[in-house]
1. Taking K and R as +1 and D and E as -1, what net charge do the other residues with C-beta under 12 Å from the C-beta of residue 144 add up to?
2. Please list 3J(HN,Hα) in residue order for segment 340-346, calculated via the Karplus relation 6.51 cos²θ - 1.76 cosθ + 1.60 where θ = phi - 60°; whole Hz, with x for glycine and proline.
3. Give me the number: length gained by fully extending residue 235 to residue 263, i.e. 0.36 nm times residue separation minus the C-alpha to C-alpha distance, one decimal in nm.
4. At a 10 Å Cβ-Cβ cut-off, how would you order 350, 369, 268, fewest neighbours first?
5. Going by how many other Cβ atoms sit within 10 Å of their own, how do 42, 244 line up, fewest first?
6. Under 17 Å from a label point 7 Å along Cα→Cβ of residue 214: give me every residue in segment 294-310 with its amide N that close.
7. What is the local net charge at residue 351, summed over the other residues whose Cβ is closer than 13 Å to its Cβ (Lys, Arg +1; Asp, Glu -1)?
8. Over all directions, how big on average is the projection of the convex hull of the alpha-carbon atoms in the chain, in square nanometres?
Amino acid sequence: MLASYAVHVEESLGRRFPEPVHPYRNDFQRDRDRVIHSRAFRRLEAKTQVFSRRYSDHFRNRLTHSIEVAQITRTVAAALRLNVDLAEALALVHDLGHPPFGHAGEKTLDAAMRAHGLFFDHNLHALRIVEDFEQRYAAFRGLNLTFEVREGIIKHSRDYDAATHPELAEYLLNQRPPLEAQLIDLTDEIGYSTADLDDGYEAHLVTLDQIRHAIPVFDCFFREVEKIYPDAPRKLKFNEALKRVLDRMVGDLIANTEKRIEHAGIRCLSDVRAHKERLAAFSPEVEAERKGLKDFLYENVYYSPSLAEEKNDAERIVSQLFRFWVENPSRLPHQYEQKAGEESLPRVVCDYIAGMTDHFIIEQYDRYCSSEGYLQRS
């Protein structure tokens, strides 16, 4: 049974375009399935999380990361008696708006847009994808997702000011999102922090001694594992310790969120929305551990000298292709050239680049910025 403060599908605010009730799937299950079957979701398989395929085929990409976050989210939502179908749909869609080349690509695309007085926000871009870019149905543009999924896309990780974003007014910007949406930013943190540490160790960017020295909670679990499995290979001991770190974060998120819900006297969804702050949260102790792990990853993995060349390549490819198409809109694909007559050209170019996979944007760079001597002219 769902908690009284969960989102109940029968009370959904519905779809932009009404549709008949499905005979054996509820609306949130249908939203989940529409996300999974979308082109944008499939493209995540070829978008960098941290390590590109040039580094290894074994590491996470945006698609596998989204699947891992969905698994963690289902577990937490079920334990809190929240709507698992809604939470799973939000977890699967949460990275849909990311451009190629991970955070380097996103940062560079945003910088290119700001030179034109605009900006790039992957949450808002994800909303544009599901509202407009995906074309699968004859009756409407986009995926026609429920209000709750669309709201969660933009509000799962941050709050938007109504004065700054009047175009988002329908999404109750003066209210907190439901707990199902509040979970996503935290389960995302759990997913990528532990996965990136795993991939960073596998890539030999960090050593076991470095990790044990810098992350006390990991060291504590590693010592526990050594006592239980003294003869196991070091990598398997690493796996066991990391699994315990993940479990600690998940368990703490469940227990601390339950405690905050009870302390706040939350009885219904309206109470969640009206509360002064988000209710889903880690305890102070585990939040400090999460921050320590994240700081370690930034210092030793994300900004590792070993990844600097790929980061520089990403910045160069995105920025120069962006400039090329702004200066040469006739070289855009026909549908984007047409859109440029209706919308801001930089926004159209941004939309085009953001939808690309890593390998496709490299092909475009080789085609337009190398063979035509664009690099030399710039």
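1. Values: positive: 15, 16, 30, 34, 136, 141, 150; negative: 19, 27, 31, 131, 132, 134.
Residues near residue 144 contribute +1 overall.
2. Per-residue couplings from phi come out as 5, x, 10, 10, 4, 4, x Hz.
3. So the extension gain works out to 5.9 nm.
4. Details: 350 25, 369 20, 268 12.
Final ranking by Cβ density, sparse to dense: 268, 369, 350.
5. Values: 42 12, 244 17.
Neighbour counts put them in this order, fewest first: 42, 244.
6. Counting only backbone N, you get 294-308.
7. Details: positive: 128, 339, 347; negative: 121, 131, 132, 134, 337, 342, 343.
Residues close to residue 351 contribute a combined charge of -4.
8. Average of the hull's projected areas for the chain equals 20.9 nm².
Throughout, read-outs are computed from the coordinates displayed, never taken from laboratory work. Note that the structure is a prediction, hence the values are computed from the model and not measured. A quick note on method: Cβ atoms are made from the backbone with ideal geometry, for glycine too, and the neighbour counts reach across all protein chains shown.
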